[in-house]
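K.L.:
I have a structure I would like to understand better, so I am pasting it below and will then ask my questions one at a time.
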Amino acid sequence: PKKVLTYGERSELCTHPVTKELFKIMHEKETNLVVSADLKTTKEVLQVLKKIGPHICMAKTHIDIIEDYNPEFVTQLCEIAKKHNFLLFEDRKFADIGNTVKLQYSSGLYRISDWAHVINAHSVPGEGVVKGLKEVGLVKDRACLLIAEMSSLGNLATGDYTVATIKMAEENKDFVVGFISQKKLCDDPTLVHMTPGVKLECGKDSLGQQYLTPDEVIGRRGSDIIIVGRGIVQAHDIVKAAKAYQQAGYLAYQQLLP
Ligand code: 6AU
């Protein structure tokens, strides 16, 4: 079997500045945890990130959920990210023709390309979606994850779709730095696998979300990063929860090392 590389070693191998930085942060802060701050007010999002900032390598947002959005929010978001040394991932799931996603990424109310280090996209439109996003993101050193698999019950991102998505990523490595997936999909150590649908106790929600444990995702399925939303933000003690996910995810990684 292939030797498992440390985050530090993978950071060295990466040529894309975002993955280089991400693996460096994961190594230094000893965390493979991304929090999904799916909350409806700017205050709640900022409060959560201020509290759990030390435990995460990246914060994932759904900027269009926020009811009192204002540009000042993004300024504060960037300040907290800088202070606690984590990256920002806007989970926009772009899924249109190249020209449209280009506009959606750069313009509108949110101007996502101005602040999000990482975005994600569905591969369903074909390579044009990546090409369009790249026209905006490349010059800003931004990165994109392709959604190769999903966590939800009955999703269609399987089989040949997943295989074609992996190929699309490998052919666009100047901008695509990895995958949203349910497991490790390729051996390239410079590509990152990030897995949502994670809770300390597996199970599901009432709308088709399916959960796996950090140990299953990192330890058995070989993914690199756990994305945790409600497992943390709906906990009674969010700091305690974040620490528990950080520990579980990092321990599973350490146990893989030689
Ligand atoms: O932990 P949860 O279930 O509260 O939140 C999971 C988060 C949500 C979803 O929009 C997102 O992860 N997600 C994604 C992403 C990140 O692209 C893909 C997927 O297949 N499943 C999923 O839940 O913010």
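K.L.:
Provide a single number: the residues in the range 143-173 that are in contact with a helix residue (DSSP H, G or I) (Cβ under 6 Å, 6 or more places away or on another chain) and charged (D, E, K, R).
P.N.:
Selection size over the range 143-173: 1.
K.L.:
Kindly list, by first and then second residue, each pair from a residue in the range 120-139 that is in contact (Cβ under 8 Å) with a residue 40 or more places away in the chain to a residue that is part of a strand (DSSP E or B) and among the aromatic types (Phe, Trp, Tyr), limited to pairs with Cβ atoms under 8 Å and residues at least 6 apart or on different chains.
P.N.:
Asn120/Phe89; Asn120/Phe94; Leu133/Phe94
K.L.:
Okay, next question. Output the residues belonging to the range 88-119 that are touching a residue at least 12 places away in the same chain (Cβ under 8 Å), farther than 25 Å from Thr162 by Cβ and among the hydrophobic types (A, V, I, L, M, F, W, C).
P.N.:
If the condition is that a residue be touching a residue at least 12 places away in the same chain (Cβ under 8 Å), farther than 25 Å from Thr162 by Cβ and among the hydrophobic types (A, V, I, L, M, F, W, C), then Leu88, Leu109, Ile112, Trp115 are the ones that fit.
K.L.:
A further question follows. If you go through the range 112-126 one residue at a time, do you hit one that is within 16 Å of the ligand (Cβ to nearest atom), touching a Ser or Thr at 6+ places or on another chain (Cβ under 6 Å) and under 23 Å from Ile25 (Cα atoms)?
P.N.:
no
K.L.:
Leu13: more than 16 Å from the ligand (Cβ to nearest atom), over 23 Å from Ser113 (Cβ atoms) and among the aliphatic types (A, V, I, L, M), yes or no?
P.N.:
Answer is yes for this residue.
K.L.:
Sticking with this one: In the range 168-184, what residues are in a loop (DSSP other than H, G, I, E, B) and either away from the ligand (no atom under 16 Å from the Cβ) or surrounded by 21 or more Cβ atoms within 10 Å (Cβ to Cβ) (or both)?
P.N.:
Selection gives Glu171, Asn172, Lys173, Asp174, Phe175, Ser181, Gln182.
K.L.:
Take the residues in the range 89-128 that are under 23 Å from Pro17 (Cβ atoms) and of a type in the set (A, V, I, L, M), then tell me which one is farthest from the chain's Cα centre (by Cα).
P.N.:
Top of the filtered list is Val101.
K.L.:
Going through Thr190, Thr195 one at a time, which residue ends up being surrounded by fewer than 21 Cβ atoms within 10 Å (Cβ to Cβ), in contact with a helix residue (DSSP H, G or I) (Cβ under 9 Å, 6 or more places away or on another chain) and among the polar types (S, T, N, Q)?
P.N.:
So the residue among Thr190, Thr195 that is surrounded by fewer than 21 Cβ atoms within 10 Å (Cβ to Cβ), in contact with a helix residue (DSSP H, G or I) (Cβ under 9 Å, 6 or more places away or on another chain) and among the polar types (S, T, N, Q) is Thr190.
K.L.:
Now a separate question. Return the residues of the range 147-165 that are near the ligand (Cβ under 10 Å from one of its atoms) and closer than 15 Å to Lys183 by Cβ; say none if nothing qualifies.
P.N.:
Result: Ile147, Ala148, Glu149, Met150, Ser151, Asn155, Ala157.
K.L.:
Same structure, new question: Scan the range 227-243 and tell me whether some residue there is under 21 Å from Lys24 (Cβ atoms) and touching a residue at least 60 places away in the same chain (Cβ under 8 Å).
P.N.:
Among the residues of the range 227-243, at least one is under 21 Å from Lys24 (Cβ atoms) and touching a residue at least 60 places away in the same chain (Cβ under 8 Å), which makes the answer yes.
K.L.:
Now a separate question. So, in the range 210-251, of the ones that are touching a Pro at 6+ places or on another chain (Cβ under 6 Å) and in a helix (DSSP H, G or I), which residue ends up farthest from Asn32 (Cα to Cα)?
P.N.:
Checking each candidate, the answer is Ala248.
Every number in this text was worked out from the coordinates using simple rules, so none of it is lab data. In this text, all values refer to a predicted model and were calculated from it rather than measured experimentally. When we count neighbours, we look across all protein chains shown, and the Cβ atoms used for this are built from the backbone with ideal geometry, even at glycine.
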